[in-house]
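Peer 1: Pasting a structure here, questions to come.
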Amino acid sequence: MNGNAVLDINDLKVSFKVRRAGRKYQVRAVDGVSLSLAEGEVLGIVGESGCGKTTVGRSIVGLVRPDSGSISFKGRDVTGAGLRDMRLNIRMVFQDPYASLNPRRAIGDSVAEAGDINGFFTSRAGRSAAIAAALTAVGLDPSFAARYPYELSGGQRQRAGIARTILPSPSIVIADEPVSALDVSVQAQVLNLMMDLREQLGLSMLFISHDLGVIGRISNRVAVMYMGRIVEQAATRTVLDDPRHPYTRSLVAAIPKPDPSRRILGAIETGEPPSLFKRPSGCAYAPRCPLASDRCLVDVPELRSVDDRALACHNV
Amino acid sequence: MSRDGAIFWLKPFIARPIALMGLGILLATVLAATFAPWLAPYDPYAIDPSIRLTPPNALHWFGTDQFGRDTLSRAIQSARMALLIGSGVVMFALVTGVPIGVLSALFPRLGHVLMRMVDVLMAFPSLLLALGLIVVLGPSVVNAILAIGLGYMTTTTRIVYGLTLRLRTETYVEASRSMGAGTAWLIGKHILPNLVSPLLVQASFVFAFAQLGAASLDFLGLGAPPEIPSWGNMLAESRTFITRAPWLLFFPGMMIVATAFSLNLVGDALRDRLDPRFRQLLGEKG
């Protein structure tokens, strides 16, 4: 697609087999997502729990195998692949800093793991120096290399988790809700750290979050997902200042504002997303949508280009 | 405080005197087995019909048996057999149970087959299983270890299987996979290190139950050959003298109870140490 895109995702579909009450179901978590990530760009993916945003990230690093569609890194197809080059180039920061570090491994070993697995280090001294540099880069003292996760706070653990993704330095970091498990004060520090690192290392970043406020601070572009599909995609400012899709409007309305009079009234939806087991035949958002018309119940809106954005809605 | 420091492991024993007592009995047994020839006041095999069935006295603290052999010396010598059987059974259970459990959890298709076979073995009471095997293989020390070990291989496999199923979905294992780690890396760096603590606890219980199992086999004449002193053999030989010389049963019986009980105490203390839910008992925050 894009000339300077480092990552191209085309019509990605992922489904899971689920057994419930003795019956087998096929649950489609991602239903035809296309994204492209430009060099040095931060693309935010926002959506509520179960919308498939994490599954998109996990398919990129090869943790889930897509049913169809393609993922290419710098023009090379890496769909579900185990290419060494890709493994070191695309790395993931995980949501829960308490679960993402092995309690029985020293921080230094966890930080150096990608290098160790892929035979990156040539000498013991070089390895220690690289660990120290990575820890320093995330604002931890190099002495943390010898400590164990239980000795660290949540924020320190997440810093260690980030250090793990930058040794050796990758091209792309997939950040899956990297701050949602942290205190608000620590969230800001970790976000700032990620922005600094992005600049220093020239990273491209896919930033997955359910919090549009957090996404707004860090990303250049935002893709809004609902039930496995992208419903709106545009530059961050465009999405925050002028949301058009009714679902995006409700997300923007839900961001706490210093000035309550600026709230978009009446935009916050009621009810819950429909079950993934019983996907509505038309637009997945129709049952909750204030603008839903008869057409929305039967006809799935395609993502189309409207003005300065991509939008999937019949009525705006 | 390091998780692997000596204080870390000693704390549950210091906090509870009864666990410390268990540890003491256990150490005494190990010492007795190691230094048996020097500790035993008499040759455990020496026969002296002139003093047969002597009750406990200053010369023979535990009395003598129907051949005039010193019961104390034989009881000390028997600690060797007890430790041999115990460690043999633990080794067998771990060497077979850990690979089967780990591989079954990581490769579900293989797991379905292997775990059903383990379930079949588990359906038999372990002593019955051991008896059946001894009948087929013939009585010997090695066969006793195999027969008892097979029963505990199943429980070890089950524990390892369950833990590995949980471990493989841990985020740090996923993180490792996302960085290109293969199965060998995941097992060596993530799964096995996290199995060490629970297996240490399991090993102490298996060791204890192996004592009882070995004593039962010996008593039935299906364990160690009768000429080798073991607590079970001593019980078996002297049961016809139970009314005339009760000390012949009392002392070896007491040894079996003491080692099994102390191993259970040690196992409990280790479990409390490793299970965060018990941290409060040790005066540490969770």
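Peer 1: Which of the residues that make up segment A:220-253 are hydrophobic (A, V, I, L, M, F, W, C) and surrounded by fewer than 17 Cβ atoms within 10 Å (Cβ to Cβ)?
Peer 2: Just the residues of segment A:220-253 that are hydrophobic (A, V, I, L, M, F, W, C), to begin with: A:222-225, A:227, A:230-231, A:234-235, A:239-240, A:251-253.
Within segment A:220-253, A:A235 is the sole residue that qualifies.
Peer 1: Which of the residues that make up segment B:222-245 are under 19 Å from the mean Cα position of the chain (by Cα) and either of a type in the set (S, T, N, Q) or not in a loop (DSSP other than H, G, I, E, B) (or both)? Working first, answer last.
Peer 2: Filtering segment B:222-245 down to residues under 19 Å from the mean Cα position of the chain (by Cα) leaves B:222-224, B:229-233.
The answer is B:S230, B:W231, B:G232, B:N233.
Peer 1: Also, quick follow-up: Just checking: which of the strands (runs of 3 or more DSSP E) contained wholly in segment A:1-94 hold 2 or more residues that are assigned by TED's automatic domain parsing to the domain that holds A:A253 and either at pLDDT below 90 or within 15 Å of the chain's Cα centre (by Cα) (or both)?
Peer 2: Details: elements: A:5-20, A:23-38, A:42-46, A:68-73, A:90-93.
Because the criterion is at least 2 residues that are assigned by TED's automatic domain parsing to the domain that holds A:A253 and either at pLDDT below 90 or within 15 Å of the chain's Cα centre (by Cα) (or both), no strands (runs of 3 or more DSSP E) in segment A:1-94 meet it.
Peer 1: If the Cβ limit is 9 Å and pairs must be 6+ apart or interchain, which residue in segment B:123-136 that is under 13 Å from B:I148 (Cβ atoms) pairs with which residue that is among the aromatic types (F, W, Y)?
Peer 2: These pairs meet every condition: B:S126/B:Y152; B:S126/B:F209; B:G132/B:F124.
Peer 1: Still on this structure, please answer the following. For segment A:142-149, state whether one or more residues are surrounded by fewer than 19 Cβ atoms within 10 Å (Cβ to Cβ), of a type in the set (K, R) and outside any loop (DSSP other than H, G, I, E, B).
Peer 2: Taking every residue of segment A:142-149 in turn, none turns out to be surrounded by fewer than 19 Cβ atoms within 10 Å (Cβ to Cβ), of a type in the set (K, R) and outside any loop (DSSP other than H, G, I, E, B).
Peer 1: Looking only at residues in segment A:44-78 that are surrounded by fewer than 23 Cβ atoms within 10 Å (Cβ to Cβ) and closer than 23 Å to A:R249 by Cβ, which one is farthest from the other protein chains (Cβ to nearest Cβ)?
Peer 2: Here the residue is A:E48.
Quick grid of which residues meet (1) within 14 Å of another protein chain (Cβ to nearest Cβ); (2) polar (S, T, N, Q); (3) outside any helix (DSSP H, G or I); (4) in contact with a Phe, Trp or Tyr (Cβ under 7 Å, 6 or more places away or on another chain):
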{"residue": "A:V179", "(1), (2), (3), (4)": "no, no, yes, no"}
{"residue": "A:L206", "(1), (2), (3), (4)": "yes, no, yes, no"}
{"residue": "A:Q233", "(1), (2), (3), (4)": "no, yes, yes, no"}
{"residue": "A:R237", "(1), (2), (3), (4)": "no, no, no, no"}
{"residue": "A:L240", "(1), (2), (3), (4)": "no, no, no, no"}
{"residue": "A:V252", "(1), (2), (3), (4)": "no, no, no, no"}
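Peer 1: Here's another thing I want to ask about it. Since B:A147 meets every condition but one in (1) surrounded by 21 or more Cβ atoms within 10 Å (Cβ to Cβ); (2) closer than 30 Å to A:P97 by Cβ; (3) under 29 Å from the mean Cα position of the chain (by Cα), which condition does it not meet?
Peer 2: Single failed check for B:A147: (2).
Peer 1: Taking the criterion of being modelled with pLDDT of 90 or more and either assigned by TED's automatic domain parsing to the domain that holds A:L291 or of a type in the set (S, T, Y) (or both), would at least one residue in segment A:255-269 satisfy it?
Peer 2: no
Peer 1: Tally the residues that are facing chain B (nearest Cβ under 7 Å) and among the hydroxyl-bearing types (S, T, Y), restricting the search to segment A:93-105.
Peer 2: Residues flagged as facing chain B (nearest Cβ under 7 Å) and among the hydroxyl-bearing types (S, T, Y) within segment A:93-105 amount to 1.
Peer 1: Kindly list, by first and then second residue, each pair from a residue in segment A:159-171 that is in the same structural domain as A:F94 (by TED's automatic domain parsing) and over 15 Å from A:A132 (Cβ atoms) to a residue that is assigned to a loop (DSSP other than H, G, I, E, B) and polar (S, T, N, Q), limited to pairs with Cβ atoms under 8 Å and residues at least 6 apart or on different chains.
Peer 2: Sorted first by the residue in segment A:159-171, then by its partner, the pairs are A:G161/A:S100.
Peer 1: So B:S230 fits all but one of (1) buried (at least 23 other Cβ atoms within 10 Å of the Cβ); (2) without any contact (Cβ under 8 Å) to a residue 24 or more places away in the chain; (3) of a type outside the set (D, E, K, R); what number is the exception?
Peer 2: Among (1) buried (at least 23 other Cβ atoms within 10 Å of the Cβ); (2) without any contact (Cβ under 8 Å) to a residue 24 or more places away in the chain; (3) of a type outside the set (D, E, K, R), the lone unmet condition for B:S230 is (2).
Peer 1: Tell me which residues, restricted to segment A:186-201, are more than 25 Å from A:P103 (Cα to Cα) and of a type outside the set (A, V, I, L, M).
Peer 2: A:N192, A:D196, A:R198, A:E199, A:Q200
Peer 1: Does B:M81 fit the bill of being out of contact with any helix residue (DSSP H, G or I) (no Cβ under 7 Å at 6 or more places or on another chain), within 21 Å of B:R239 (Cα to Cα) and part of a helix (DSSP H, G or I)?
Peer 2: Here the answer is yes, as B:M81 does meet what is asked.
Peer 1: Looking at (1) more than 20 Å from B:M81 (Cα to Cα); (2) in contact with a helix residue (DSSP H, G or I) (Cβ under 6 Å, 6 or more places away or on another chain); (3) assigned to a loop (DSSP other than H, G, I, E, B), which one does B:A58 not meet, given that it meets all the others?
Peer 2: (2)
Peer 1: Scanning segment A:106-121 for residues that are assigned to a loop (DSSP other than H, G, I, E, B) and either crowded, with 19+ Cβ neighbours inside 10 Å or among the hydrophobic types (A, V, I, L, M, F, W, C) (or both), which turns out farthest from the other protein chains (Cβ to nearest Cβ)?
Peer 2: Within segment A:106-121, the match that is farthest from the other protein chains (Cβ to nearest Cβ) is A:F121.
Peer 1: Among (1) in a loop (DSSP other than H, G, I, E, B); (2) buried (at least 22 other Cβ atoms within 10 Å of the Cβ), there is one condition B:Q211 misses while meeting the rest; what is its number?
Peer 2: (1)
Peer 1: For residues that are facing another protein chain (nearest Cβ under 9 Å) and touching a Pro at 6+ places or on another chain (Cβ under 7 Å), scanning just segment A:83-92, find the one that is farthest from A:I172 (Cα to Cα).
Peer 2: The first filter runs over segment A:83-92 and keeps only residues facing another protein chain (nearest Cβ under 9 Å), leaving A:83-84, A:86-88, A:90-92.
Now restrict to residues that are touching a Pro at 6+ places or on another chain (Cβ under 7 Å): A:88, A:90-91.
Values: A:L88: 9, A:I90: 5, A:R91: 6 Å.
Top of the filtered list is A:L88.
Peer 1: Only residues that are modelled with pLDDT under 90 and surrounded by 12 or more Cβ atoms within 10 Å (Cβ to Cβ): list them for segment B:48-58, please.
Peer 2: Selection gives B:D48, B:I51, B:R52, B:L53, B:T54, B:P55.
Peer 1: Regarding segment B:36-49, can at least one residue be identified that is in contact with a strand residue (DSSP E or B) (Cβ under 7 Å, 6 or more places away or on another chain) and of a type in the set (F, W, Y)?
Peer 2: Yes, segment B:36-49 contains a residue that is in contact with a strand residue (DSSP E or B) (Cβ under 7 Å, 6 or more places away or on another chain) and of a type in the set (F, W, Y).
Peer 1: On to the next question. From the residues in segment A:122-168 that are of a type in the set (K, R) and either within 24 Å of the chain's Cα centre (by Cα) or away from every other protein chain (no Cβ under 12 Å) (or both), which one is nearest to A:G202 (Cα to Cα)? So that I can check it myself, show each step before the final result.
Peer 2: Step one: of segment A:122-168, the residues of a type in the set (K, R) are A:124, A:127, A:147, A:157, A:159, A:164.
Still in the list and also either within 24 Å of the chain's Cα centre (by Cα) or away from every other protein chain (no Cβ under 12 Å) (or both): A:124, A:127, A:157, A:159, A:164.
On the way: A:R124: 27, A:R127: 22, A:R157: 23, A:R159: 18, A:R164: 17 Å.
The extreme case among them is A:R164.
Peer 1: Do you know which residues across segment A:293-308 are crowded, with 18+ Cβ neighbours inside 10 Å and in contact with a His (Cβ under 9 Å, 6 or more places away or on another chain)?
Peer 2: The answer is A:C296, A:P301.
Peer 1: Among the residues of segment B:170-193, which ones are of a type outside the set (A, V, I, L, M, F, W, C) and either more than 10 Å from chain A (Cβ to nearest Cβ) or surrounded by 21 or more Cβ atoms within 10 Å (Cβ to Cβ) (or both)?
Peer 2: Once the filter is applied, which keeps residues that are of a type outside the set (A, V, I, L, M, F, W, C) and either more than 10 Å from chain A (Cβ to nearest Cβ) or surrounded by 21 or more Cβ atoms within 10 Å (Cβ to Cβ) (or both), segment B:170-193 yields B:Y172, B:S176, B:R177, B:S178, B:T183, B:G188, B:K189, B:H190.
The values are calculated or read from the model by the stated rules, or taken from the named source; none is laboratory data. Since this is a predicted model, take the numbers as computed values, not measurements. No Cβ is skipped: glycine too gets one built from the backbone with ideal geometry, and neighbour counts run over all protein chains shown.
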